[in-house]
Amino acid sequence: MIEIFNFAFGPYPQRVNIYLAEKQPEGVAVTFYAEPDRRANTPPPEIRALTPMGSLPILRDADGTVVGQSLAILEFIEDRIRFPDMRGSTPAERAKVRQFVHIFDEALTFFGLWARHGSALAKGVARSSQEVAEICAARYFAQLRIIENLMSEEGFLASGSVTLADCVAMATLQYARDFYSVPIPSECARLYAWFYRFSERPSAKRPPYPEEQRVTANGLMDQTGVRF
Ligand SMILES: N[C@@H](CCC(=O)N[C@@H](CS)C(=O)NCC(=O)O)C(=O)O
């Protein structure tokens, strides 16, 4: 049995949630916790202590293997449970999947820094910096434009079927749009169309954001004076 300790929302946890909903692997049990600033059911110290990072998601396999980073968790499950394959079926396809995953991972780092140093939600938690917010917002949108130029008009991002690339992309773009109300720039027409196609899938259903936090976070572009 593979155990996964996770949150029900948040861009890194949601990568795993979308992936599991698509893969539907047998023998994987998920325990959901609430975010640390909510009172009930927060991750207990013994779960956080499983990794030096202490962040979620965390995976623990029956032999004691622990994996504490979302992309490594996806790869680990792919290695342990081969079907359906979600990494692409040829070397070229697999490279394409990895390329998209890494570009979106970088995009999310920039997005996270933008929010951390510019969002009303981070006031009092992190030092706000207009300069950092602007630089990171620009880098986030630049990553989306790169994706736009790499992807095709139809289907999934990197293959004829759902791959890790779609799961990671959806988790990022959904979080940006639904929690911070940051849309996909209109010039990214292919990415925009893919997003609305993929949003129809049950795996991409809107996660349960805490409403109070969402309301404060909403409007990141206005809060930081950022335009496309
Ligand atoms: N790079 C890590 C980041 C994970 C992460 O930052 N998780 C956040 C939730 S989105 C978290 O656990 N935050 C609460 C905490 O660290 O206490 C990954 O990919 O798994």
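The values are calculated or read from the model by the stated rules, or taken from the named source; none is laboratory data. In this text, all values refer to a predicted model and were calculated from it rather than measured experimentally. Cβ: placed from backbone, ideal geometry, glycine included. Neighbour counts: every protein chain shown.
Structure above, values below:
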read-out	value
Scan of region 64-105 for residues that are within 16 Å of the ligand (Cβ to nearest atom), assigned to a helix (DSSP H, G or I) and exposed (fewer than 15 other Cβ atoms within 10 Å of the Cβ), ordered by number	72, 102
Whichever residue in region 9-24 is among the hydrophobic types (A, V, I, L, M, F, W, C) and in contact with a helix residue (DSSP H, G or I) (Cβ under 7 Å, 6 or more places away or on another chain) and, among such residues, is farthest from the ligand (Cβ to nearest atom)	21
Criterion: more than 15 Å from the ligand (Cβ to nearest atom), modelled with pLDDT of 95 or more, surrounded by fewer than 16 Cβ atoms within 10 Å (Cβ to Cβ) and more than 19 Å from the chain's Cα centre (by Cα) - qualifying residue of 29, 40	29
Residue match in region 133-151 (condition: part of a loop (DSSP other than H, G, I, E, B) and not assigned by TED's automatic domain parsing to the domain that holds residue 22)	yes
Condition met for residue 125 (at pLDDT below 95, surrounded by fewer than 22 Cβ atoms within 10 Å (Cβ to Cβ) and among the β-branched types (Val, Ile, Thr))	yes
So residue 206, is it without any contact (Cβ under 8 Å) to a residue 60 or more places away in the chain, part of a helix (DSSP H, G or I) and not assigned by TED's automatic domain parsing to the domain that holds residue 23	no
Criterion: free of Cβ contacts under 8 Å to residues at least 60 places away in the same chain, within 20 Å of residue 203 (Cα to Cα) and not in a helix (DSSP H, G or I) - qualifying residue of 32, 9	32
Residue in region 51-63 that is farthest from the ligand (Cβ to nearest atom), counting only those that are part of a loop (DSSP other than H, G, I, E, B) and not aliphatic (A, V, I, L, M)	63
